Amino acid sequence: MKYDFSAIESKWQKKWDEARIFCAEDHSEKPKFYGLVEFPYPSGVGMHVGHIKAYSGLEVIGRKRRMQGYNVLFPIGFDAFGLPTENSAIKTGIHPRQLTDRNIEKFSSQLRRVGFSFDWERVIDTTEEDYYKWTQFIFLKMFEKGLAFRDTAMVNYCPHCKVVLSNEDSQGGKCDICHSDIVQKSKDVWYLRITEYADKLLQGLEGVDYLPNIKMQQVNWIGKSRGAFVNFGLTDTDETLRIYTTRPDTLFGVTFMVIAPEHPIIEKMKDRIENMAEVEAYQTECTKKTEFERTQLVKDKTGVCLKGLCGINPVNGKEIPIYIADYVMMGYGTGAIMAVPAHDERDYDFAKKFGIDIIEVIKGGNIEEAAYTGDGPMVNSDFLNAYDNKADSIAAMIEWLGEKGIGEGGVQFKMKDWAFNRQRYWGEPIPIVHCPSCGMVPVPYEELPLRLPPVTEFEPGQGGESPLAKLDYFVNCKCPKCGGDAKRETDTMPQWAGSSWYFLRYIDPKNGEALADMDKLRYWMPVDWYNGGMEHVTRHLIYSRFWHHFLYDLGLVPTAEPYAKRTAQGLILGPDGEKMSKSRGNVVDPNDVVDDMGADVLRVYILFMGDYGAAAPWSDNSMRGCKRFLERVADLPSLVKGGEVNTKLESSFHKTLKKVNSDIEEMKFNTAIAAMMGLLNEVFEVGSITKDQLSMFVRMLCPFAPHLCEEMWESMGGKGFASLAQWPEYDEAKTIDSTVELAVQINGKVRGKVTLPMNADKDTSLAAVHADEKLFALVDGKTVIKEIVVPNKIINIVVK
RNA sequence: GCGGGUAUGGCGGAAUUGGCAGACGCGCCGGAUUUAGGAUCCGGUUCCCCGUGAGUGCAGGUUCAAGUCCUGUUACCCGUACCA
């Protein structure tokens, strides 16, 4: 058969579409499979092959499930709100709506050309009113429950993009979008109280099947720690200074305290602080430092001692100095710490620099040289009889603090609340009205969606306010509660809002009454298998789990956890081994590959490149090998002849099928394809194939190279679509050989081979070795020390 | 610093979990066919001093047997960033 890929591919894509074979059924007797891939952000540059890899994994698994008789939901959509489109609108003057539509069209056509088995009737676009109506709905529910709130606080701010960013969006001190340095700024912003769900998000991980590194990253990001809050006294006042520590067992070793430069106690006590000018100078210096600079100066501790004010250690009444220093952050714990230089490296560095006492209270290290942070018995502590290990000491100390009323046990999380508003145009408007007499009033549900008004200028204001703030007709409104004059919130939601619940909408994309119908949700949820990038593990993945837990608490979804299983694909690097990027000019466009080699080759190559979860560089040459493979597959029908079945080949078919079957489940697509290549080589060596074998081959290759397989299926008289044909079953009996070739080692070196019946016993095996002239010669006349026979694996004879 | 991961031919990568290292593919070498080929087919291809040789980042160890387990060490990648 001639392999005219472009004719074959467009032919079958059209047929699939017309027959709607990839559309999921809302209700079905079949078992369901919900396979989800992270929907793309439709940027102006189009897709690159990395997108294709991200979808190819579940594409193969979903296609296999369909052939196995599942009702498969494999949807796609577009996460289209966000800064890149808005920035492009500013540059080109074209409205983001138009740009988005254009980009979605481009992405869709690229995806269709690859032949993905997406259900194109459920496509969602997060920027459509019918969609973001429900994003706003969920926001209002959060507002009602006190989970969406405004607060003035130090936030991450990108001076280049002129927006406030969440912690997740400013990892590494860089803006997630433009990579400029983030600055800290005090601002009145919207937050979602994700910290309220920190424990649930942590516990939920126990019941789901995520790759271990994915779980680990989330656990670290949530960052739960256990410890104690302790109230320290202040000299000559009733005020207390509350600290958080994970080492209450070192309380007797406290020799000073440190508070964050922004700590409110400074303002409160300013009359008592004798060196206020010096303190203020230090505070100013700190605000000038960017986050980046702060982290670069890790080694060098700075700080200023508060004169005229001392802390009082509640466990022994000792007066201790208080410092302000920027190594203590206002955003974690209470913004104040007890410093135990003997047992904390940072405190140790600080104490050394400022000449503060270092008192050892845990034995085990040498505090002359370094802080000892390990375990050990308590010493120098006027506490009961002291304990021998950390855990006991901590537990006893917490209990004692409680009894004395000076502190109590507590937990802290590294995760912070989610800074949720962006001062930009292209996002979901926050449906809140600010009324001078009623305060913040939600837009009534029946008025949703609160539409994004049409504008022609997308530049944010100089003061960093949203472009919406310039629209008087949008801003000025009546309070929904009292009817008086009021002003609308003009900020919009961040990029991550729409993607936090999109997988629910696929289940019921046209529902006007609810975000999705409960019966349908009960049938489809949870997502059986979710695949996406590692870069979303501490962003989208955690945000969407939070929203889903919240919706579960409201009774709007049937399960607490949205995703039963989560995997991640590795990057495709450029041919130069570097990360693909426009600026490096090493981006591979899937359209070019489809034109040159065909979609099936692209699909097979992407999965053949290597471990699905690992990064691998692109190689046009290697891809040519996949082309050769498919061309030879297309020639298989010419080998169909009558005659006897070659039992060895038949056995290879069943072995290969068994391997392909399990490799797909483990996402080991590269070895599945390699096995099929090996089988093909064997077929050509034998020179003939039966009709049944051909049918088997076509069906097992179909999830990988569906267009070619459909064409072959049709020409061999297969019924219906290959894509819906029954997944072939292997015969276990045929995968077991009657004989096995065993390596024979003498003193651990392979010296020969013997062929034995399966499961031959020790005597038979050794007899076969002795019967072999060459092997016998190596053993003959020597003292046999040991004979190891592992059935079907190896024979090793140790001689002297 | 902390957490996680990786290291195997010229290259991408395999190896049923302790049992024949290098599957499969690329590249390369040789041959066939072809007016020609960056097409196709066939054969070869870990290395070398070609042996009873060496060999999975490096140094040790356990074992009849180690890419796989243990101890130490180096390099690189990813995440995180003074988290008290």
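Quick rundown of the values:
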{"item": "Residue list for segment A:255-269, filter: assigned to a loop (DSSP other than H, G, I, E, B), more than 10 Å from RNA strand B (Cβ to nearest atom) and open to solvent by less than 10 Å² (accessible area, probe 1.4 Å)", "result": "A:Pro261"}
{"item": "Filtered residues of segment A:508-525 (kept if of a type outside the set (S, T, N, Q) and open to solvent by less than 40 Å² (accessible area, probe 1.4 Å))", "result": "A:Asp508, A:Pro509, A:Ala514, A:Leu515, A:Ala516, A:Lys520, A:Leu521, A:Trp524, A:Met525"}
{"item": "Which numbered condition A:Ala370 misses (of (1) more than 16 Å from RNA strand B (Cβ to nearest atom); (2) more than 17 Å from A:Thr245 (Cα to Cα); (3) open to solvent by 40 Å² or more (accessible area, probe 1.4 Å); (4) of a type outside the set (Ser, Thr, Tyr))", "result": "(1)"}
{"item": "Test: residue in segment A:550-569 that is in contact (Cβ under 8 Å) with a residue 12 or more places away in the chain, open to solvent by 10 Å² or more (accessible area, probe 1.4 Å) and acidic (Asp, Glu)", "result": "yes"}
{"item": "Selected residue (criterion: farthest from RNA strand B (Cβ to nearest atom)) from residues of segment A:644-671 that are charged (D, E, K, R) and open to solvent by 40 Å² or more (accessible area, probe 1.4 Å)", "result": "A:Glu644"}
{"item": "Options A:Gly57, A:Gly50, A:Gly93, A:Gly46; residue that is under 30 Å from A:Pro637 (Cα atoms) and either in contact (Cβ under 8 Å) with a residue 24 or more places away in the chain or surrounded by fewer than 21 Cβ atoms within 10 Å (Cβ to Cβ) (or both)", "result": "A:Gly57"}
{"item": "Identity of the residue in segment A:299-319, outside any strand (DSSP E or B) and basic (Lys, Arg), that ends up least open to solvent (accessible area, probe 1.4 Å)", "result": "A:Lys301"}
{"item": "Among (1) surrounded by 16 or more Cβ atoms within 10 Å (Cβ to Cβ); (2) in a loop (DSSP other than H, G, I, E, B), the one test that A:Pro453 misses", "result": "(1)"}
{"item": "Check on A:Ala771, more than 41 Å from the chain's Cα centre (by Cα), open to solvent by 60 Å² or more (accessible area, probe 1.4 Å) and among the hydrophobic types (A, V, I, L, M, F, W, C)", "result": "yes"}
{"item": "Some residue of segment A:465-472 being closer than 19 Å to A:Tyr157 by Cα, open to solvent by less than 30 Å² (accessible area, probe 1.4 Å) and assigned to a strand (DSSP E or B)", "result": "no"}
{"item": "Residue among A:Asp589, A:Asp576 that alone is open to solvent by 30 Å² or more (accessible area, probe 1.4 Å), away from RNA strand B (no atom under 13 Å from the Cβ) and out of contact with any Ser or Thr (no Cβ under 7 Å at 6 or more places or on another chain)", "result": "A:Asp589"}
{"item": "Some residue of segment A:679-696 being modelled with pLDDT of 90 or more, among the aliphatic types (A, V, I, L, M) and closer than 20 Å to A:Glu59 by Cβ", "result": "no"}
{"item": "Filter pass, A:Tyr425 being more than 14 Å from RNA strand B (Cβ to nearest atom), touching a residue at least 12 places away in the same chain (Cβ under 8 Å) and in contact with a Pro (Cβ under 6 Å, 6 or more places away or on another chain)", "result": "yes"}
{"item": "Segment A:604-631, residues that are over 19 Å from A:Arg699 (Cβ atoms) and more than 10 Å from RNA strand B (Cβ to nearest atom)", "result": "A:Ile606"}
{"item": "Subset of segment A:235-252 that is over 21 Å from A:Lys390 (Cβ atoms) and either in contact with a strand residue (DSSP E or B) (Cβ under 7 Å, 6 or more places away or on another chain) or assigned to a strand (DSSP E or B) (or both) - its residue that is nearest to RNA strand B (Cβ to nearest atom)", "result": "A:Arg242"}
{"item": "Output for segment A:183-234, where each listed residue is in a helix (DSSP H, G or I), near RNA strand B (Cβ under 10 Å from one of its atoms), in contact (Cβ under 8 Å) with a residue 40 or more places away in the chain and touching a Leu at 6+ places or on another chain (Cβ under 7 Å)", "result": "A:Gln218"}
{"item": "Residues (open to solvent by 30 Å² or more (accessible area, probe 1.4 Å) and β-branched (Val, Ile, Thr)) located in segment A:153-211", "result": "A:Ile177, A:Val183, A:Thr195"}
{"item": "Per-region count, segment A:125-146, residues open to solvent by 10 Å² or more (accessible area, probe 1.4 Å) and either farther than 27 Å from A:Thr100 by Cβ or among the hydrophobic types (A, V, I, L, M, F, W, C) (or both)", "result": "6"}
{"item": "Filtered residue count, segment A:320-353, keeping only those that are within 9 Å of RNA strand B (Cβ to nearest atom) and assigned to a strand (DSSP E or B)", "result": "4"}
{"item": "Unique residue being away from RNA strand B (no atom under 15 Å from the Cβ), in contact (Cβ under 8 Å) with a residue 24 or more places away in the chain and open to solvent by less than 60 Å² (accessible area, probe 1.4 Å) when the list is A:Ala705, A:Ala722, A:Ala634, A:Ala674", "result": "A:Ala722"}
{"item": "The one condition in (1) open to solvent by less than 70 Å² (accessible area, probe 1.4 Å); (2) at pLDDT 90 or above; (3) under 30 Å from A:Asp388 (Cβ atoms) that A:Gly364 fails to fulfil", "result": "(2)"}
{"item": "Verdict on A:Asn87 being modelled with pLDDT under 95 and of a type in the set (S, T, N, Q)", "result": "yes"}
{"item": "Residue list for segment A:731-759, filter: in contact with a strand residue (DSSP E or B) (Cβ under 8 Å, 6 or more places away or on another chain), assigned to a loop (DSSP other than H, G, I, E, B) and surrounded by 12 or more Cβ atoms within 10 Å (Cβ to Cβ)", "result": "A:Asn747"}
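Each row is one residue, and each column tells you yes or no for (1) in a helix (DSSP H, G or I); (2) farther than 19 Å from A:Met597 by Cα.
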position: A:Leu630; (1), (2): yes, no
position: A:Gly642; (1), (2): no, yes
position: A:Leu649; (1), (2): yes, yes
position: A:His654; (1), (2): yes, yes
position: A:Lys658; (1), (2): yes, yes
position: A:Ala672; (1), (2): yes, yes
position: A:Arg699; (1), (2): yes, yes
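The values are calculated or read from the model by the stated rules, or taken from the named source; none is laboratory data. Predicted model only: the values in this text are computed from it and were never measured. Note that each Cβ is placed from the backbone with ideal geometry, even for glycine, and that neighbours are counted across all protein chains shown. Just so you know, the surface numbers come from the protein's heavy atoms only, side chains and all, with ligands and any DNA or RNA stripped out. Shrake-Rupley method; radii C 1.70, N 1.55, O 1.52, S 1.80 Å.
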